[in-house]
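J.: This is the structure I have questions about; it appears just below.
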Amino acid sequence: MSDPQVSPIRVAAIGMDQRQRNALVMLFGNHCRNRYILVEEDSSEICIIDLDLFGGERLWQEFRQRHPDRPLILASLKPRQVENGHTLFVKKPIPVIQLMSAIDQLSQILNNRAAEQKIEAAQNAETTPSEPQHPRHSVSPVTQKVASLMTEAQEKVFIGTSPDIDPDNQAQLAKIYYDPQHYLQGHVQQALNQATRYNKNVTIEGPWPAIDMIIAKQQIMVDAREKHLRPFCTVPDATREVELQFHEQHKSATGRREYSIYAFIWQLALWASRGRLPSGTNLTQPIYLRRWPNFSRLVVTPHALAIAALWTRQPRSLIDTAKSLGIPQRYVFAFYSAANAVQLAGETRRAVDTLLEPPAIKQAENRGLFSKLLSRLRG
Amino acid sequence: MSDYKIIFSGPVGAGKTTAIQSISDILPVTTDEQASDMTRKMKNGTTVAMDYGLIKLPGTERIHLYGTPGQERFDFMWEILTNGGIGLVLLINNQRPDPFGDLHFFLNAFQAFIKQGKVVIGVTQMDQADTPRIEDYHLQLENSGVKIPVFDIDARIKKDVSILLEALLYSLDPGLEE
C-alpha cells in the first residue's frame, strides 16, 4: 500500500495512445503501488517517449524544445547513446525494475534541484517561511523484483492388452516383437525413403486402397476411410506384392483423405505394433527421443506425454521407463514403436548413457495442483 | 484460496486471446480494442493491457490465465505478468513475415522460463502457411539447452490448447499420474 503522506511522482507518456497509457496506469497502480502516477505532459515531472513509435525521433526533438531540462526516459528496441544527465535510455523489452529505477534516478535529480532552489530561496529571503512540502519518495535502491485421448475400445485396437513380461524369460520375450517390414508400415517407410532420395511423388500399390505420397508437401492421400485401411495394417503378410510408382504429378485431393506423412506412419506403426516392439529392440539399452512429437496432430497413446517428457530429459531403457512411471510396459512399447517409425526415437549408442543409472523422477512441488489441472483439462 | 497463473504470450495475431477463450471457465475478460497502427493489417483488434481467463479446480484452487499484450511496445508488462507463473505458453503465428525472428525475440524475453523448462510452443496458422514446419522450429531451438514441446495448434480448438498445457505439466513433472 502506498503512503498517503508521500506524493506520487508524476509521469507523462508522450505520444502514446490510450492503450499504452492504460498499460502504464496498470503498471503504476498495481505493481508499483501508486508510487508513480500517469499525468498529462503539462503537469508532469518526468516523461517517457517510445522512440519506436511512428515519429518517435521528432517527438523527442520537439519535447526537448518545449522542456529543455525536464527529466526524460527514452525507450527503444535499438540501443542508443544518450549523453545527457537528465535523459536516460532504457532498452526494450524493459524490465520493470529498470523502468522503476530510471524513474527513481530522475526523481533524485528533481529532489536535488528542489533542494538547491530551497537553499537559494533561504539565502535570498531568510525570514520568509516556506510552505510545508510533502516528502518525495526516498530514492532507495529498488529491491522489489519486479490430441485426443483414447477410448477403451481404441486403446485395445492401438495398444492391445498384453501383460508385462520378464525380460529374462525367453518365451515371453519372443511375444513382444514384430517385424515392421511384414506390415504396410514397412512398405510406406520404404516408399518414403525412396521418394525422398529421388525427390518424386510415389503411389504405393498393393491389395489396399491407393496410397499417394506427395513428397514436396510431406502429405499422404488415401482413397479409403481408416476402417478400410486398418485390416491391411494389422495383419502381417510377407508375401504381398507391392509396387512403387514414381511420378511428378499426383491425383487431385478431391474426395480423398489427407494425412501428414509423419502422422500416417505414426498411426500405421501403432496399428502394426499393438503394444509390441520392432524386432531387435534392446529392452535394457537407454532410449533417446530427439524431440517432442507434434502430439496435437497425432494419435496420443496413454502416458505418451509422460514418456516423452522423461526421454527428452535423459535417455532411459524401455523397462526402466515403465518401472519409473509405474505403467504397463505395452504403453511404453507402443509409444516407442510409433516414435521409432518416424525416426524420433532410437537406442543410444553412447557409452556414457549406460554408465550411470538414470535418476529417480523428481516430484514437482505442485504435483497435487498439476494433477488436478491435468484431470480438468482431460475433462 | 490458492491462486496460480499460466502466461500466454506471442506476437500480434498469434491467437493468445482465442487460446484463453478456448479453455477458460469464465467468459474471458479481454481488453481488445481496434488497433490504430500497422497491427490493424494483422488483426482487427489487438490486446491492450492483457487478457484474462480462469480455470477453476476442485476445492479452492484456481489457475489464472493471462495473455500478454501483443505489441512489443507493451513488453514491460511481461515481467509483471510472468512473475511466479507456473509456465509459459508461447504462440507463434506461422503466417507472419519472420516467425523465427518472433520465436527468438520472445524466447529471449522469457529466458527465465526457458531455463527452467517451463515453456511450450504452439505454432498457429499452419493451415494458411505450412512453412516453416514444426521440425524447423525444433532446429531453431537446438541451442536452447532444453527440448521444448512444439505443437501445430488451432487456438480455437480446446483440445489443441489443452494438449499444449498437458505437455507443459509433464515437462514440469513427468511423474504426474493420469
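J.: Could you list which residues have their amide H under 5 Å from that of A:D164, counting only those 5 or more apart in sequence or on another chain, with H placed in the peptide plane?
T.: When sequence neighbours closer than 5 places are left aside, the close amide H contacts are A:Q329.
J.: Ok, one more. Could you pull out every residue, at least 5 positions away or on a different chain, whose amide H is within less than 5 Å of the one on A:A12? Hs are placed 1.01 Å off N in the peptide plane, and Pro or chain starts have none.
T.: For A:A12, whose amide H was placed from the backbone, the distant partners under 5 Å are A:V39, A:E45, A:I46, A:C47, A:I48.
J.: Next question. Apply the Karplus parameterisation 6.51 cos²θ - 1.76 cosθ + 1.60, with θ equal to phi minus 60°, to every residue of the stretch A:181-187 and state each ³J(HN,Hα) to the nearest whole Hz, in sequence, with x for glycine and proline.
T.: 5, 8, 10, 4, 3, x, 5
J.: Between B:K115 and A:L77, with labels modelled 7 Å along Cα→Cβ, what's the label distance in nm to one decimal, could you check?
T.: A separation of 2.4 nm, rounded to one decimal place.
J.: Also, quick follow-up: Kindly write out, for the stretch A:306-321 in residue order, the coupling ³J(HN,Hα) from the Karplus curve 6.51 cos²θ - 1.76 cosθ + 1.60 (θ = phi - 60°), rounded to whole Hz, with x marking Gly and Pro.
T.: Once θ is set to phi - 60°, the couplings for the stretch A:306-321 become 5, 5, 4, 4, 5, 6, 6, 7, 6, x, 9, 6, 4, 5, 5, 4 Hz.
J.: Using 0.36 nm per residue of separation minus the Cα-Cα distance, give me the extension gain between A:Y177 and A:V235 in nm, one decimal.
T.: Between A:Y177 and A:V235, full extension yields 19.5 nm more.
J.: With θ set to phi - 60° and the Karplus curve 6.51 cos²θ - 1.76 cosθ + 1.60, what are the ³J(HN,Hα) couplings of the stretch A:364-379 in order, to the nearest whole Hz, using x for Gly and Pro?
T.: 5, 4, 9, 4, x, 5, 4, 5, 5, 5, 4, 4, 5, 5, 8, x
J.: R0 = 45 Å: FRET efficiency of A:A360 with A:Q61, Cβ-based, nearest 0.05?
T.: 0.10
J.: Related question: Please compute the length gained on full extension between A:R256 and A:A224, using 0.36 nm multiplied by the number of residues separating them and subtracting their Cα-Cα distance.
T.: 10.8 nm
J.: Sticking with this structure for a sec: What does the convex hull of the Cα atoms come to per residue for the stretch B:124-178, in Å³?
T.: Enclosed volume per residue, from the Cα hull, is 81 Å³.
J.: Between rounded, prolate and oblate, where does the stretch A:265-379 land on the alpha carbon gyration tensor, with a ≥ b ≥ c its root eigenvalues, rounded for a/c under 1.5, else prolate if a/b exceeds b/c?
T.: Oblate shape, in that a/c is at least 1.5 and b/c is the bigger or equal ratio.
J.: With 18 Å as the limit, write out which pairs from A:K91/B:K16; A:K323/B:K115; A:K323/B:K159; B:K16/B:K158; A:K156/A:K227 have Cα-Cα distances beyond it, or answer none.
T.: Too far apart for the 18 Å limit: A:K91/B:K16; A:K323/B:K115; A:K323/B:K159.
J.: Based on the Cβ-Cβ distance of A:N34 and A:R290, what FRET efficiency does E = 1/(1 + (r/R0)^6) give at R0 = 41 Å, to the nearest 0.05?
T.: 0.20
J.: Could you pull out every residue, at least 5 positions away or on a different chain, whose amide H is within less than 5 Å of the one on B:L91? Hs are placed 1.01 Å off N in the peptide plane, and Pro or chain starts have none.
T.: The list, which skips near neighbours in sequence, is B:S9, B:G10, B:G122.
J.: Rounded to the nearest 0.05, what FRET efficiency do A:S375 and A:Q245 have when you use their Cβ-Cβ distance and R0 = 45 Å?
T.: With R0 = 45 Å, the Cβ-Cβ based efficiency is 0.35.
J.: Then there is this: How big is the charge dipole of chain A about its Cα centre, in debye rounded to the nearest 20, if each Lys and Arg gets +1 on its Cβ and each Asp and Glu gets -1 on its Cβ?
T.: 800
J.: Could you estimate the translational diffusion coefficient of chain A from the Stokes-Einstein equation, with Rh from the Kirkwood formula over C-alpha pairs, at 25 °C and 0.890 mPa s, in whole µm²/s?
T.: 91
J.: By what distance, in whole Å, do the Cα atoms of the stretch A:268-312 stretch along each of the three principal axes, largest value first?
T.: 30, 24, 16
J.: Please state the shape class of the stretch B:85-168: rounded when a/c is under 1.5, otherwise prolate if a/b exceeds b/c and oblate if not, all from the C-alpha gyration tensor.
T.: Because a/c hits 1.5 or more and a/b fails to exceed b/c, the stretch B:85-168 counts as oblate.
Values quoted throughout were computed directly from the atomic coordinates according to the rules given, and no laboratory measurement underlies them. Worth saying up front: this structure is predicted, and the values here are computed from it rather than measured. Quick reminder, even Gly has a Cβ in these numbers, built from the backbone with ideal geometry, and neighbours come from all protein chains shown.
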